[in-house]
1. With the requirement that a residue be in a helix (DSSP H, G or I) and crowded, with 23+ Cβ neighbours inside 10 Å, what does the stretch D:24-58 give you?
2. Scan the stretch A:187-209 residue by residue and report those that are without any contact (Cβ under 8 Å) to a residue 60 or more places away in the chain and either in contact with a strand residue (DSSP E or B) (Cβ under 8 Å, 6 or more places away or on another chain) or not in a helix (DSSP H, G or I) (or both).
3. With the requirement that a residue be facing another protein chain (nearest Cβ under 7 Å) and either closer than 25 Å to residue D:204 by Cα or more than 15 Å from the chain's Cα centre (by Cα) (or both), what does the stretch C:184-198 give you?
4. Does residue D:120 qualify as being on the phi < 0 side of the Ramachandran plot, surrounded by 19 or more Cβ atoms within 10 Å (Cβ to Cβ) and either out of contact with any helix residue (DSSP H, G or I) (no Cβ under 6 Å at 6 or more places or on another chain) or within 11 Å of chain C (Cβ to nearest Cβ) (or both)?
5. With (1) within 24 Å of residue C:57 (Cα to Cα); (2) more than 17 Å from the chain's Cα centre (by Cα) as the list, and residue B:16 as the residue in question, which single condition is left unmet?
6. If you go through the stretch B:210-221 one residue at a time, how many are more than 8 Å from chain C (Cβ to nearest Cβ) and either free of Cβ contacts under 8 Å to residues at least 60 places away in the same chain or not in a helix (DSSP H, G or I) (or both)?
7. If I ask for residues that are more than 14 Å from every other protein chain (Cβ to nearest Cβ) and under 27 Å from residue A:193 (Cβ atoms), which ones from the stretch B:34-55 would you list?
8. Pull up the stretch C:44-61, narrow it to residues that are in contact with a strand residue (DSSP E or B) (Cβ under 9 Å, 6 or more places away or on another chain) and modelled with pLDDT under 95, then point me to the one that is nearest to residue C:23 (Cα to Cα).
């Protein structure tokens, strides 16, 4: 058994439940097929995060099956789920948590329209107000990178550091999103597919009308500070 | 507690239930993601309307969470839900109720195909009979407007006053629809996405055949007067 | 109460239940939105058919709400549901039953892809084997016709008489399908949308490969005689 | 009753249940409409396989309705379900089991995007990493073949023998997939539609970026050996 003290153990239990539950949002929003996609959440107050096991059915994702890792992506032995392999994207998640300390959640999917932009290595232009609200500008592209070491994580961090967007389209691969917690990163995964689809379909029909930069700035600032019942959205 | 007299209180309760329930139609018809979209309904016989709270989960939309506002969009203090912020589009809804007195419901979504036409600032041509029935002609575009003051509301009213259509595509933003009550506005939101999708797909395949104006007029007039079990559809 | 004798009354009750149930297939297969679409079924052994009421929610379609009509499309007074108006497409259904005596079911929808071909007045070419199996060739276009008199019914009958296809795309309007019974016509409505979508998407990507006529004939004949557990499919 | 000895009878019962259950994945993933599509599974240790009956509703697919066949596709008399006709694609499944002895499952659908590529006779290029993972390169095309004899089975075997891909797009027809068992073949059917859709949409928007062959090789080898909780994926 792990022995992080009662406060951290409570936080681990909460993040396990949150991460397990949030996978249902990926299927409900049509972002994943079969066992694809993964959500992770940082444990506040500890150098730990919780992530989905590799290649397991969405119907089997209970809190006790989630896997606790340190910030190098190593499974913490003796904890629930530690007999299983974590998501094959664990190294990328760990890299983000090590290098973006304000980030509390990471999500990866192969959602259709976002991945289609990624296959062309083309950023999504900001032509709808919902995109200005949520991402504050275009969705950037991350370099092509092979899975398995730090190259994907590095690509994500390079693309998103200093960028308003919480989503990056890794070239030929698919979207990674970040957030202040796992739920915020899942919201970004839902929204990036929504804008990828809408802008794709809009452009099929002809010329898009750009939104002036001043209007994008105004929409982004307002949404980050006013929308909803409590501060949420992009990181502050 | 509000004290509008028993008849108005009954009407408020009915509109609260109706508005809360109708949000399920937005998700069921795939018009919204996450917490996006909003429905409002006027309280008959009072200068009041009921609207969704801002940024709240669709699963949490019970009648007592709906928010009662006056026609300037101010929350009525001491009423159920008044401790929350109303939809960030409340000013636009209020502007419509103040300026179009026959309107009983307003709906806003970012539904995919309607928003795609909006991103090009292109009205949807009337090339299918279902569109002639429901909207009596093309779906117009409203001027680009920044959220937060009266400019969106003014854009909606300018576009729809004297127009057969109950739907307007606000440029770079998305559809707003109106109706004789909240349900009628929701129907218009469902139908505008349906025709936006069908006409988009039709045009991808080649040249569209226009419908003669006389046939559009005949279809519209018939549908407004004959279809269904009781008069419904466009405003009379 | 109607008094058709016990055998016909049993047949009416069976067709009422069948027609009410089959509407669920329209929603389950994504062929209709709101109250759109309609299914009817002929009562075997009588000059009668059963059809959906006009503009009624899909959730309210119980057998006793279905409406019994004669072959001129007149509601039979005093029967269950006769206090309501029948589908606004009743005249078209009635025309088909009067003029195609072997037909036992008619379905109408505005399903997206089939309606998109209709908006261009373009028949769907037979380039996939599932289409050869089910329809034996291209899906034809019917002339533009205004709702409300016999012109739609005449257009359907003209297009489908002597044609292998059980589906016709009425120009600028949408698909009508026929079958040996209501279920067979619903199957045709599901399949025509499926092939309309697949062939649309196929053609977006480039040149289609035609299927030789001899292969189309062979596929159609085999499917009508061999597929399934008992003879079904096209009319014989 | 069949009398294969208790061990084989247990295996038959297990494969019956597995094949019946897996059909639900076809509908859940939107790969089939009406009664289309079929899954089969080889009975380990016997020259037998289990397949879906022809033209039967997806709601009626219980284990005892599945049909037991020998490797020539002949129904085994006296076994549960043997009073029904097996899938009209049974000859193709049988041909695969006879000629690819390491294969334990076969699936056929007319899923929309995969069939669209098939209607153009165009292989799907490998431009997304999920496709390199799962299929190790492009999805090949199989020759046009008429249903009913060995030509479809021969086309599948010719296209997939010595190929990394577990999916083939039979020209003008649709995808067939194979796997080490029925579940693995169903996974391939889900994934081939997913990549067919994503690559189609990607190419609509402009030029695709190829993935270098060395990266494809590396991704494929890693996924076959590392992903998931136990060895799965392509055949070894």
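The values are calculated or read from the model by the stated rules, or taken from the named source; none is laboratory data. Since we're looking at a predicted model, the values are computed, not measured. Here Cβ is always computed from backbone atoms with ideal geometry, including for glycine, and neighbour counts include all displayed protein chains.
1. Within the stretch D:24-58, just D:26 meets the criteria.
2. Here is the first cut: in the stretch A:187-209, the residues without any contact (Cβ under 8 Å) to a residue 60 or more places away in the chain are A:187, A:201, A:203-207.
Residues satisfying the conditions are A:187, A:205, A:206, A:207.
3. C:194, C:197, C:198, listed by residue number.
4. Values: on the phi < 0 side of the Ramachandran plot: yes; surrounded by 19 or more Cβ atoms within 10 Å (Cβ to Cβ): yes; either out of contact with any helix residue (DSSP H, G or I) (no Cβ under 6 Å at 6 or more places or on another chain) or within 11 Å of chain C (Cβ to nearest Cβ) (or both): yes.
So residue D:120 passes the test.
5. All conditions pass for residue B:16, except number (2).
6. 5
7. B:39
8. In this case the residue turns out to be C:61.
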